[in-house]
Amino acid sequence: MKKKGLATKDVVAIGIGAAVFLILFKFIAIPTGIPNTQINVAQSWLSLLSIIFSPIVGFFVALLGHSLNDAVSYGSIWWSWVIADGLYAFIFALLVKRAHLLRGKLTTWKLLWFNVSQAIANVVAWLVIAPTLDILIYAEPANKVFLQGGLSVVVNIISTAIIGSTLLSLYVKNKGQQELLRKED
């Protein structure tokens with residue numbers, strides 16, 4: 001019989017992952033010149049955690065980490081973007097699940113799948129979900145939120161392609177070395 005709910009390792013991953021996400025989101029961000037929109041490395045971290053653990057873990061890491069960042073940085077939570085960030089992680093993790101990125105070597109095909117998946121999830125999160133929720137929840141002007149969303153898509157795709165692919169490569173390489181060490185014992 002399968003246990004319902006999150007495993008202890010998932011809860012720990014959410015807590016630690018959200019804390020790291022918050023630190024990356026708050027302190028390692030490059031302004032773009034568009035209000036409340038920056039180049040962020042936190043999404044690459046989020047992408048890696050979503051692959052290692054699950055779509056649910058990724059969703060909650062984004063939800064908690066982004067909410068905490070908004071509360072600390074701005075004094076209130078901008079729910080439309082928090083929800084979009086969580087759904088980015090969820091959608092991305094579902095898309096890459098079939099590629100088994102963590103099994104065996106990280107091939108060119110797997111890296112391509114990773115990047116096509118993150119691009120699709122970015123477009124859905126930042127060009128559909130975030131602007132739509134901005135308009136519905138906050139009555140924001142459409143031209144403003146679609147400009148912010150469009151810029152977010154571009155910078156997130158580029159930063160995740162560079163930083164996320166690097167993190168994934170390092171993780172898979174390190175995981176393979178650990179497996180070799182276990183076989184030698």
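Read-outs: derived from the displayed coordinates by stated rules, not from any lab. Just so it is clear, the structure is predicted and the values come from calculations on it, not from any experiment. Methodologically, a virtual Cβ is constructed for each residue, glycine included, from the backbone with ideal geometry; neighbour enumeration extends over all protein chains shown.
Worth a mention:
- The lysines within cross-link reach of K9, meaning a Cα-to-Cα straight distance under 21 Å and a gap of 8 or more places when in the same chain, are K97, K175.
- Placing unit charges on each Cβ (+1 for Lys and Arg, -1 for Asp and Glu) gives the stretch 97-151 a dipole about its Cα centre, and among A142, L111, L127 the Cα reaching farthest toward its positive end belongs to L111.
- Label corresponding to P(r) over Cα pairs in 5 Å bins from 0, in percent when calculated from the structure given, among (1) 1, 7, 16, 19, 22, 18, 10, 4, 1, 0, 0; (2) 1, 7, 15, 17, 15, 13, 10, 8, 6, 4, 2, 1, 0, 0; (3) 1, 9, 16, 21, 20, 15, 9, 5, 3, 1, 1, 0, 0: (3)
- Cα centre as origin, Lys/Arg/Asp/Glu Cβ charges: the stretch 8-184 dipole, Debye: 760 debye
- 222 nm mean residue ellipticity, helices alone, for the chain (DSSP H n ≥ 4; -39,500 (n - 2.57); rounded to 500): -24000 deg cm²/dmol
- Here the stretch 1-42 and the stretch 50-91 have alpha carbon centers that stand 6 Å from each other.
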